[in-house]
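Take a look at the structure set out below.
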Amino acid sequence: MELDRTTAVSRVERLVETVESETMPVPVREIWVYGDLALGLDPVERLDIYLKKDLLFHGDDSREAEFRREYGVKGVGQTVSLDWAETYPEHIRANDNGHVAPEKCLAAHLVDADEPIHLEVCNSGFENNVTQRLRGAMAREAYEQILDPRGAALWIDGNRATDAFDKLRNGEYVFPTLAGALEMLGMDDGEAETAADVVRDYRASQQGASVRGDVV
């Protein structure tokens, strides 16, 4: 399922509005868009959104045992907000060991399962994580783990980027090719071309909504 550019921008706006107006499982600090929409493509085959989250501090685990009994998950009030879990129990998601997973909870709250949207969730800002992921991918030659550096900040600490949405609608952001962007970050040209091919192939293999949690 493809999205025309106008629809894709409107979808990102709705996601930002949801973060602004509704309780989230953990605090969200940054929202970026990268990939097709940032590049001004039309249609957009897949919408890539990056969220920087904080750990949950000063949580309330008074009902943790109750949620464990009722929903079979651990960590409500410790890892995700109790207020959020009480309000949106349908969005509670856990990892394989049964502990609530903030990135999966965010994805369930913000994205429908059949939408062509990928959500990256990390405790670090977009620009820092681009660099960290690239270093790790180069060390292991695991190029599918590269985070496309061609991104646009939409929302930082509660403040919207003034003209970001208009620039996305008009396709005004100017970025190099993916290989060119990777070269600018320190890859040699041959490795950058190889890595760019792997990233494109990996991305093309994704279907529906997806989420990746990361810790730096």
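None of the figures in this text is laboratory data; all of them are computed from the coordinates on show. The model shown is predicted, which means the values in this text are computed figures rather than measured ones. Every residue, glycine among them, receives a Cβ derived from its backbone with ideal geometry; neighbour counts consider all protein chains shown.
Check cross-link reach from Lys74 to the lysines: straight Cα distance under 21 Å, and skip same-chain residues fewer than eight apart.
Correct list for Lys74: Lys53, Lys104.
So what is the relative contact order for the range 74-130, in percent, with contacts set as C-alpha pairs under 8 Å and at least six apart?
Across the range 74-130, relative contact order equals 25 percent.
Considering amide H positions built from the backbone, and no H for Pro or chain starts, which residues 5 or more places from Ala94, or on another chain, come under 5 Å of its amide H?
The answer is Ala101.
Considering amide H positions built from the backbone, and no H for Pro or chain starts, which residues 5 or more places from Ile117, or on another chain, come under 5 Å of its amide H?
The answer is Leu47, Ala209, Ser210.
Compute the angle between helix 189-204 and the longest alpha-carbon principal axis of the chain, please, reported from 0 to 90 degrees and rounded to the nearest 10.
Orientation of helix 189-204: about 50 degrees from the principal axis.
Please give the helix 5-21 orientation as an angle from the longest Cα principal axis of the chain, in degrees from 0 to 90, rounded to the nearest 10.
30
Can you give the relative contact order of the range 63-216 as a percent, counting alpha carbon pairs under 8 Å and 6+ residues apart?
Reported relative contact order: 27 percent.
In square nanometres and to one decimal, what's the mean projected area of the convex hull around the Cα atoms of the range 54-149?
If you wrap the Cα atoms of the range 54-149 in a convex hull and average its projections, you get 7.6 nm².
How far apart, in nanometres, would the label points at Thr162 and Glu22 be if each is projected 7 angstrom from Cα along the Cα-to-Cβ direction?
3.1
For Phe57 and Arg14, compute 0.36 nm times the residue count separating them, minus their Cα-Cα distance, and round to one decimal in nm.
Stretched out fully, the Phe57 to Arg14 stretch lengthens by 12.8 nm.
Thinking of the chain as a set of Cα atoms, what percent of all their pairs are more than 20 Å apart?
Beyond 20 Å sits 59 percent of the P(r) for the chain.
Below 8 Å, C-alpha to C-alpha, sequence gap of six or more: please give me the relative contact order for the range 6-99 in percent.
Relative contact order comes out at 24 percent.
Amide H to amide H, which residues 5 or more places from Leu154 or on other chains are under 5 Å from it, using H placed in the peptide plane?
Here Ile31, Trp32, Val33 satisfy the definition.
If packing is taken as the mean number of other Cβ atoms within 10 Å per residue, what is the order of 68-75, 155-162, highest first?
Taking the mean over residues of other Cβ atoms within 10 Å, the ranking is 68-75, 155-162.
At 25 °C and 0.890 mPa s, grab the translational diffusion coefficient of the range 124-179 from Stokes-Einstein with a Kirkwood Rh over Cα pairs, rounded to a whole number in µm² per second.
Here the translational diffusion coefficient equals 188 µm²/s.
Return the whole-Å distance between the Cα centroid of the range 199-216 and the Cα centroid of the range 95-172.
One Cα centre to the other: 10 Å.
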